[in-house]
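For reference, the structure discussed in these notes is given below.
The values are calculated or read from the model by the stated rules, or taken from the named source; none is laboratory data. Everything quoted here is computed from the prediction, not taken from an experiment. Cβ placement follows ideal geometry from the backbone for every residue including glycine, while neighbour counts extend to all protein chains displayed.
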Amino acid sequence: DLKDKLSANLGTMTGVEVKTDAPTVEECGRDQLLAKIPETVIAVMDDFSAGLTGDHLFLLSPEFAQKLVSLINKEENAALDDMALSVISEVVSNHSGAEITVLSAGGKLPGLATNPPEALNQPKAMVRMPQDKFAVFSYPVTIDGTSYTMWEAVSSLVADGMAKALGGGVTPPQPAPMQQAAPTMASPAMSVPPQGMPMQAMMQPQMMGVNMNGMQQMSTPPNVQALQFPNLQPVAGSAEQGNIGLIMDVYMEMTVELGRTKKTIKDILGMGEGTIIELDKLAGEPVDILVNHKPIAKGEVVVIDENFGVRVTEILPAIEHVTSQM
C-alpha cells in the first residue's frame, strides 16, 4: 500500500511517527489544482522517462517542506535554501521508488524509471503542470499532530498506464463492421465510458454496461455515406503571434551551468577552504545555458573586460521551435 510506504519512508528519514491516510484521486485541470494549493509551493518535477513517459509532479506547502527538513536535518525552523530543496528531492525520490516497485510488480511496466527529481521553491503560477486534464493524488499526512497534504499530479497518459498496471483501466469497445444490407432490427448498443474513466478505474475498476433500448422495426434502409475530412494544415495565426508579443518585456532568469556532481551529506559537511569539487563536464566542453532552470542553448566561456561571459554555440531544438512562431 503506497500510503503505508510513504509513512514508513518519512518515519525513517525524520525519526518520528508519521501517519498517512488513504489518498484521494481526482481528475483536474490546471485551474482546479491551483485553487487547492497555497500561493507559494515546493514543486518537485520527477517525470517518467522509461516504461511510461510523461509529466510527474509533486507539490508541498512551504510549511510541510520546512517541517520535513527540520526533522531530517535536526534543526529548528530550517531555511528552505538549496540544501533544504535537495532534502525534499530525496524524500520524493524515495516515494517515487516505492511507486515504481508497486507498478513494476506485475511485470506490465518493465524498466519503469523517472528522471532525477528537481525541487523548486516558487509561486504556484510558475509551476509547470501537465497539459489539459490530469490525475491528482492527495496524500493527507500527519506529523506531530499537525496535518499536511502532499499532492502528486501525473499526465493522463501516465495515469492510464498506471491504471492498467494495477489491473484497472477500460478497454474501449471495438466498432461493429458496417453492413451493406439493411438491418431489420436495432442491435444492442454498448454504453460509452466517460472520458475520465481510466483514472477512476485505478482506484475502483467498473464494468461497462449494456444499454438495451428494445427492438424497433426499421421501415427504410439507412443511407450510408463515406465521411470526407478536410486537410488540416498547422497555421500560426496573427492572434497567436500577438499573444507572444504581450510577454516580450517579461524578465526571466538566465543561468549558465558549468557542471554538476553528487556528494553525500558527509562529504558536503566535510568541505572547507581549498576543497576541490570535480564536476561531470570535461575541460573545454560547452556549458549549458538555462532559462528558468530549463536548458535552451550551449556555449563557451569568454572573458569580457573583467567579467565572465558566454558565447552561444548551439541553440537547442525547443527554443528554435518557439522563435519560429514569432
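The table below gives the values:
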item: Residue list for the range 82-135, restricted to those being exposed (fewer than 13 other Cβ atoms within 10 Å of the Cβ) and of a type in the set (Val, Ile, Thr); result: Thr101
item: Meets criteria (of a type in the set (D, E, K, R) and at pLDDT below 60) for Glu253; result: no
item: Among residues of the range 88-124, those that are of a type in the set (S, T, N, Q) and assigned to a helix (DSSP H, G or I), counted; result: 6
item: Which numbered condition Leu290 misses (of (1) within 31 Å of the chain's Cα centre (by Cα); (2) surrounded by fewer than 11 Cβ atoms within 10 Å (Cβ to Cβ)); result: (2)
item: Number of the condition not met by Asn73 [criteria: (1) over 26 Å from Arg260 (Cα atoms); (2) over 17 Å from the mean Cα position of the chain (by Cα); (3) free of Cβ contacts under 8 Å to residues at least 40 places away in the same chain]; result: (1)
item: Search result, residues across the range 85-139 that are of a type in the set (Lys, Arg) and more than 17 Å from Phe48 (Cα to Cα); result: Lys124, Lys133
item: Matching entry among Ala50, Ala65, Ala79, Ala22 (being in contact with a helix residue (DSSP H, G or I) (Cβ under 6 Å, 6 or more places away or on another chain) and exposed (fewer than 14 other Cβ atoms within 10 Å of the Cβ)); result: Ala22
item: Failed item in (1) free of Cβ contacts under 8 Å to residues at least 40 places away in the same chain; (2) under 18 Å from Pro140 (Cα atoms), with Phe58 passing the rest; result: (1)
item: Test for Glu63: is it at pLDDT 95 or above, assigned by TED's automatic domain parsing to the domain that holds Val158 and not in a strand (DSSP E or B); result: yes
item: Flag for Leu34 being outside any helix (DSSP H, G or I) and either over 26 Å from Ile268 (Cβ atoms) or assigned by TED's automatic domain parsing to the domain that holds Pro110 (or both); result: no
item: Odd one out for Gly274 among (1) over 27 Å from the mean Cα position of the chain (by Cα); (2) surrounded by 12 or more Cβ atoms within 10 Å (Cβ to Cβ); (3) assigned to a loop (DSSP other than H, G, I, E, B); result: (2)
